[in-house]
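The values are calculated or read from the model by the stated rules, or taken from the named source; none is laboratory data. Here the structure is a predicted model, which is why all the values come from computation and not from measurement. Ideal geometry is used to build each Cβ from the backbone, glycine not excepted, and the neighbour counts take in all protein chains shown. These area figures cover heavy atoms from the full protein model, side chains too; ligands, DNA and RNA do not enter into them. Shrake-Rupley method; radii C 1.70, N 1.55, O 1.52, S 1.80 Å.
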Amino acid sequence: MDDFEFDIDDVDMVLTFRNVHNFDAAGRALMHREAFEALKSGGVYGVVDHTRRHMEPDDPENRRRIDPVLVIKEVQEAGFEFVDQVEIAGMEENFLFRFRKP
């Protein structure tokens, strides 16, 4: 991912939808950091993506999926608090995590 900024700093919510799996670790860190900067205190960061089994090695079948445990860890490293996992009816192979900026 190329370096970017949202160039705002007082939004209530940022949602990233099924794209985190496309970025390498540096790109994901950038996305989470910029979401953190864009949100006001108490703002919500939602992350939706395709679920990969925890610690499952890369292969051609799971290349468009990401380990949800890794996502939680990386988003918390960006400064967010984990709030909960939201159930998505009919989307069993996806996760929706809700984080909050302190």
Tell me the angle of helix 25-38 to the major Cα principal axis of the chain, expressed in degrees between 0 and 90 and rounded to the nearest ten. 30 degrees
Charge tally for neighbours of Phe82 with beta carbon under 14 Å away, counting Lys, Arg as +1 and Asp, Glu as -1, is 0
Antiparallel as a % of all DSSP beta bridges within the chain, to the nearest 5? 60 percent
Residues of region 1-82: accessible area per residue at 1.4 Å, in Å²? 61 Å²
Value at 222 nm in deg cm²/dmol, rounded to 500, when DSSP H runs of n ≥ 4 in the chain each add -39,500 (n - 2.57): -7500 deg cm²/dmol
What is the packing order of peptides 89-99, 43-53, 68-78, taking the mean over residues of other C-beta atoms within 10 Å and listing the highest first? 43-53, 68-78, 89-99
Of every Cα-Cα pair in region 27-102, the percentage lying beyond 14 Å is 61 percent
Using alpha carbons only, how many degrees (0 to 90, rounded to 10) separate the axis of helix 68-77 from the longest principal axis of the chain? 20 degrees
Sorted on mean Cβ neighbours within 10 Å (highest first), peptides 4-12, 33-41, 17-25 come out as 33-41, 17-25, 4-12
Residue span Asp58 to Asp84: 0.36 nm per residue of separation minus Cα-Cα distance leaves a gain in nm of 6.7 nm
